[in-house]
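Below: the structure, in structure tokens.
The values are calculated or read from the model by the stated rules, or taken from the named source; none is laboratory data. Note that the structure is a prediction, hence the values are computed from the model and not measured. Every residue, glycine among them, receives a Cβ derived from its backbone with ideal geometry; neighbour counts consider all protein chains shown. Each accessible area value is taken on the protein alone, full model and side chains, heavy atoms only, with ligands, DNA and RNA left out. Shrake-Rupley method; radii C 1.70, N 1.55, O 1.52, S 1.80 Å.
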Amino acid sequence: DKGTYPHYMLKEIDDQPAVMRKIVQTYFNEDGEPQIDGALLTDLKAADRLYIVAAGTSWHAGLVGAKLFERLAHVSAEAFVASEFAYDTPMLSEHPFFIFLSQSGETADSREVLTQIKAAGYHSLTLTNVQNSTLSREATYTMALEAGPEIAVASTKAYTAQIAVEAVIAKVLGETLGQDAARDFDLANQLGLVANGIQALVDQKEVFEEIAKNNFVDQRDAFYIGRGIDYALSLEASLKLKEITYIHSEGVAAGELKHGPIALIEAGTPVIGVITQAKTAGLTRSNLAETAARGSHIMTIVSKSLANAHDDIVLEDIDELLSPLLAIIPAQLISYYTSLLKGLDVDKPRNLAKSVTVQ
Ligand code: M6R
């Protein structure tokens with residue numbers, strides 16, 4: 001039920017602080033330590049490589065998850081597009097473990113991969129928002145996203161929930177494997193900061209409505225750029241924009257701009273720089289300036305500790321590994337208001353279904 005909200009999408013964006021707190025309640029004990037199923041942990045520990053399989057927004061959450069597993073648990077991990085994996089299967093390691101991410105748990109492309117890897121005798125985990133779904137029933141293990149029903153076609157709270165639950169698993173696995181990075185990562189505290197940081201953003205909706213009105217509604221193209229985790233975030237931000245506003249948008253690895261995409265920049269084209277990683281902040285800023293020199297209209301989404309007086313959207317400081325949990329919120333809201341101002345069907349964009357049950 002969307003209650004007094006005009007659209008499910010807006011309600012689901014607003015739900016996100018509560019979802020973060022629900023994940024802490026569900027997966028952490030009284031001492032603030034995350035817990036996962038013992039048999040699942042045994043399987044994860046035995047794996048030499050994690051294969052994350054998903055589609056769309058869930059794949060984008062998987063791109064972030066792979067970085068969490070590598071940096072916190074020091075286990076090789078990669079996120080794969082399900083429809084590609086199924087028919088162009090990569091070489092598998094000796095002890096692979098599969099993680100399926102799916103809001104609906106019914107995505108046909110992911111189901112096909114699960115059928116194949118099950119037949120080959122491999123174990124798997126499904127993270128889903130729908131507990132009795134096919135992917136949930138057929139995998140060896142399942143974990144709930146605890147996001148509550150997501151009705152709008154554009155996925156919002158499932159994305160942030162998927163990243164938070166991946167962080168839980170990466171932290172537990174990393175600690176079990178004796179990794180300092182995992183031990184020192186105070187995830188319960190971080191997720192609390194994330195909840196507050198999201199709340200601060202959703203409390204200033206008028207800012208994002210203004211940005212949508214002044215900078216997006218009349219545009220044909222838009223670009224989100226970033227490096228590393230900020231690149232993964234840019235892909236999701238760009239998908240949010242294109243699917244509900246029909247503006248052609250791309251998420252580009254900031255360093256790749258000059259290898260091609262910069263040719264598309266015209267006077268006034270919006271280019272949004274995502275800057276949450278200290279190591280690459282300066283480089284992304286120079287890439288933004290290169291597009292500005294070609295006439296783009298640049299905007300920035302920046303973590304507080306990296307921000308200056310000219311930045312447009314400033315995020316509360318949280319651990320760099322979790323920055324997508326905050327950085328996606330402005331992009332969700334800008335997409336929402338752009339779609340609304342264009343008079344489009346926000347919750348049910350053309351040509352798309354909430355659950356894609358055909359390959
Ligand atoms: O239910 P799933 O998470 O498996 O769905 C995957 C994609 O179809 C889904 O994320 C899609 O890309 C959304 N419309 C994105 O907002």
**Fill in**
Filtering segment 33-50 down to residues that are of a type outside the set (A, V, I, L, M) and within 20 Å of Leu322 (Cα to Cα) yields Glu33, Pro34, Gln35
**Prompt:** Any residue in segment 146-164 that is open to solvent by 10 Å² or more (accessible area, probe 1.4 Å) and among the polar types (S, T, N, Q)?
**Reply:** yes
**Request:** Of the numbered conditions (1) farther than 19 Å from Ala232 by Cα; (2) in contact with a helix residue (DSSP H, G or I) (Cβ under 8 Å, 6 or more places away or on another chain); (3) of a type in the set (S, T, N, Q), Ser102 fails exactly one; give the number of that condition.
**Result:** (1)
**Prompt:** In segment 282-304, what count of residues is obtained for those that are more than 17 Å from Ile229 (Cα to Cα) and of a type outside the set (A, V, I, L, M, F, W, C)?
**Reply:** 7
**Request:** From Val194, Val217, grab the single residue that is assigned to a loop (DSSP other than H, G, I, E, B), touching a residue at least 24 places away in the same chain (Cβ under 8 Å) and either among the aliphatic types (A, V, I, L, M) or open to solvent by 40 Å² or more (accessible area, probe 1.4 Å) (or both).
**Result:** Val217
**Asked** Which one of Glu70, Glu78, Glu30 is at pLDDT below 95 and under 21 Å from Thr176 (Cα atoms)?
**Response** Glu30
**Fill in**
Picked from segment 106-121 (must be open to solvent by less than 60 Å² (accessible area, probe 1.4 Å) and either on the phi > 0 side of the Ramachandran plot or not in a helix (DSSP H, G or I) (or both)), the residue nearest to the ligand (Cβ to nearest atom) is Thr107
**Asked** When Glu12 is evaluated against the numbered criteria (1) part of a helix (DSSP H, G or I); (2) open to solvent by 30 Å² or more (accessible area, probe 1.4 Å); (3) charged (D, E, K, R); (4) within 16 Å of the ligand (Cβ to nearest atom), which criterion, by number, is the only one it fails?
**Response** (2)
**Subset of segment 50-85 [within 16 Å of Lys171 (Cα to Cα), touching a strand residue (DSSP E or B) at 6+ places or on another chain (Cβ under 7 Å) and either surrounded by fewer than 18 Cβ atoms within 10 Å (Cβ to Cβ) or touching a residue at least 60 places away in the same chain (Cβ under 8 Å) (or both)]** = Gly62, Gly65, Phe69, Glu70, Val75, Ser76
